[in-house]
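Nothing in this text is a laboratory measurement; each read-out follows from the coordinates by a stated rule. What you see is a predicted model, and the numbers here were worked out from it, not measured in a lab. Backbone-built Cβ (ideal geometry, glycine too); neighbour counts: all protein chains shown.
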Amino acid sequence: MEKLWTGRFKKALDSEVNDFNSSIRFDSKMAKQDITGSIAHAAMLGKQGIVTEEESKAIQDTLRQILSELMSGNLSIDPLAEDIHSFVEGELTKRLGDTGKKLHTARSRNDQVALDVRLYLREQIDAICPELSELIEALLSLAAAHRDTIMPGYTHLQRAQPITFGHHLMAYAMMFLRDMDRLADCRRRMNRSPLGCCALAGTTFPIDRVYTAELLGFDGVCENSLDGVSDRDFIIELSAALSIIMTHLSRFSEEMILWCSWEFKFIELDDAYSTGSSIMPQKKNPDIAELVRGKTGRVHGDLMTILTVMKGLPLAYNKDMQEDKECIFDAVDTVLQCLSVFTPMLKTMRVLKENMKRAAAKGFINATDCADYLVGKGLPFRTAYKITGEIVAYCIEKQKTLEELALDEFQSFDPHFDADVYEHIDLTVCAAKRTSRGGTAPQSVDFEIEQAKKRLAELTEKK
Ligand code: ARG
């Protein structure tokens, strides 16, 4: 296939250099966006009288024809083309001759590629958001079902205070809601058209950038042509948002992995979402969760790639920027793939409530409540804390839990203890009393779920 830029050159490109330089391997993913952008450009060229209306129409019709042939598989992309832009223009020219050669008037591959990537990523954000929304909905209904399921809450992975499983799940719902918000934000900033920035400096032709921006569904145009062709912060931003999604999924995966171990046994994964061992017949492994945790490394790496590619580049376009695509495509594909298996894994897991409760009953998880009880009897918190610490030390020595102490044993530490202490240190009561806003009590969880539902509705509407 002949290069777009022949004329100045006397020799063909060295074949290895040709492979090295080519981006068709990955930018053919943007064929649809490239053609859509070109159709808008051709329509604008016609409207502005830069090409005739007939020429504009012929170009648009042929581009539509090329797109439909590509989609139906009747036309395949030439793997030897330099990039998707060259391929499409070459195909157009093959079919239309000189008229096809007019398409690139008042345009450069620099604004073209910036446009294609924005169009492509905008669609990808629109594909990720419903996946996130489905995950959040799954969390909301699980949280409602477990609004009063008691489990140990941890800090430092040490049993800390009893919480409800619904509350724990809602923590993730909040994270994923922010992730959706971040994507919406990123989409809003991304949604400006670079088309018409041309190579770097704009053009002498009387183009109408606002027209093409509107045709392509943008909220406006990039106001500086140098910036429009050379900024990739929308890719960096999306990479960062995707990296945060993966961090959230990874932490959740880590907990799932712990929870389905025999040491915890808080959940059991469905057979369809676990794998076995080739040698150990007893094993049921949480491979999906582990892979999600592992793939987080890739996506974080993708963010580092684009940050590093961009950091030293002078304005405006540099070929280095061709390296922006594989990393962001990989990040998008990985997030979509992870979400599509994570949500059903979550939905189908079995929650082993009794084991959660049993684990919460150990480890003096109600010690804070014992101290709070004494505060209720008029002691200063620090004094109550110290007395409770001594009781815990006594229990450890006697191999008892707080609930198992007799009243006279409690009273030997402080005369304020009464028979009502047992109710105060009951795990269900401990959780139920934490009714502060955002707290773990079932009624607080209900409120959180309501808030989350409202936020989700706003985010789904907004987009
Ligand atoms: N394949 C190139 C990229 O991805 C397209 C833009 C080429 N522009 C140029 N001036 N060589 O960045």
For region 15-34, pairs from a residue that is farther than 10 Å from residue 81 by Cβ and of a type in the set (A, V, I, L, M) to a residue that is assigned to a helix (DSSP H, G or I) and within 13 Å of the ligand (Cβ to nearest atom), with Cβ under 6 Å and 6 or more apart or across chains, are 30/84; 30/116; 30/120; 31/84
Name the residues in region 11-28 that are within 13 Å of the ligand (Cβ to nearest atom), of a type in the set (Gly, Ala, Ser) and outside any helix (DSSP H, G or I), would you? 22, 23
Just the residues that are part of a helix (DSSP H, G or I) and either surrounded by 13 or more Cβ atoms within 10 Å (Cβ to Cβ) or within 14 Å of the ligand (Cβ to nearest atom) (or both), please, taken from region 67-76. 67, 69, 70
Here is a list: 449, 396. Which entry is out of contact with any helix residue (DSSP H, G or I) (no Cβ under 9 Å at 6 or more places or on another chain) and hydrophobic (A, V, I, L, M, F, W, C)? 396
Out of all the residues in region 166-204, which are among the hydroxyl-bearing types (Ser, Thr, Tyr) and within 16 Å of the ligand (Cβ to nearest atom)? 203
Of all residues in region 223-246 being in contact with a Cys (Cβ under 9 Å, 6 or more places away or on another chain) and outside any helix (DSSP H, G or I), which is farthest from residue 324 (Cα to Cα)? 224
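Rundown of residues vs (1) free of Cβ contacts under 8 Å to residues at least 24 places away in the same chain; (2) of a type in the set (Phe, Trp, Tyr); (3) within 30 Å of residue 230 (Cβ to Cβ), yes/no style:
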{"site": "323", "(1), (2), (3)": "yes, no, yes"}
{"site": "332", "(1), (2), (3)": "no, no, yes"}
{"site": "341", "(1), (2), (3)": "no, no, no"}
{"site": "346", "(1), (2), (3)": "no, no, no"}
{"site": "353", "(1), (2), (3)": "no, no, no"}
{"site": "365", "(1), (2), (3)": "no, no, no"}
{"site": "368", "(1), (2), (3)": "no, no, no"}
{"site": "375", "(1), (2), (3)": "yes, no, no"}
Going by the structure shown, is residue 377 touching a helix residue (DSSP H, G or I) at 6+ places or on another chain (Cβ under 8 Å) and over 27 Å from residue 157 (Cα atoms)? no
Restricting to region 312-341, name every residue that is within 16 Å of the ligand (Cβ to nearest atom) and part of a loop (DSSP other than H, G, I, E, B). 313, 314, 315, 316, 317, 318
Residue 268 vs (1) under 28 Å from residue 461 (Cα atoms); (2) surrounded by fewer than 17 Cβ atoms within 10 Å (Cβ to Cβ): all pass except (1)
Filtered residues of region 172-222 (kept if within 31 Å of the chain's Cα centre (by Cα), among the charged types (D, E, K, R) and within 22 Å of residue 119 (Cβ to Cβ)): 182, 185, 187, 188, 189, 192, 214, 219
Residues located in region 82-120, provided they are small (Gly, Ala, Ser), more than 16 Å from the ligand (Cβ to nearest atom) and on the phi < 0 side of the Ramachandran plot: 100
Check on residue 344, surrounded by fewer than 20 Cβ atoms within 10 Å (Cβ to Cβ), assigned to a helix (DSSP H, G or I) and away from the ligand (no atom under 16 Å from the Cβ): yes
Exactly one of these conditions fails for residue 79: (1) within 15 Å of the ligand (Cβ to nearest atom); (2) within 25 Å of residue 191 (Cα to Cα). Give me its number. (2)
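Among 325, 347, 353, which is of a type in the set (Lys, Arg) and either over 30 Å from residue 133 (Cα atoms) or more than 22 Å from the chain's Cα centre (by Cα) (or both)?
None of the other options fit; the residue is 353.
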With (1) buried (at least 18 other Cβ atoms within 10 Å of the Cβ); (2) under 22 Å from residue 339 (Cα atoms) as the list, and residue 230 as the residue in question, which single condition is left unmet? (2)
Residues to consider are 115, 157, 142, 177; find the one that is more than 16 Å from residue 239 (Cα to Cα), surrounded by 24 or more Cβ atoms within 10 Å (Cβ to Cβ) and of a type in the set (A, V, I, L, M, F, W, C). 115
Across region 233-254, the tally of residues that are farther than 23 Å from residue 187 by Cβ and surrounded by fewer than 17 Cβ atoms within 10 Å (Cβ to Cβ) stands at 2
Listing of helices (runs of 4 or more DSSP H) fully contained in region 358-463 that carry 3 or more residues being at negative phi and buried (at least 17 other Cβ atoms within 10 Å of the Cβ): 367-376, 381-398, 427-432, 442-462
Taking residue 225 as meeting all but one of (1) within 17 Å of the chain's Cα centre (by Cα); (2) over 30 Å from residue 427 (Cβ atoms); (3) among the polar types (S, T, N, Q); (4) surrounded by 18 or more Cβ atoms within 10 Å (Cβ to Cβ), write down the number of the exception. (1)
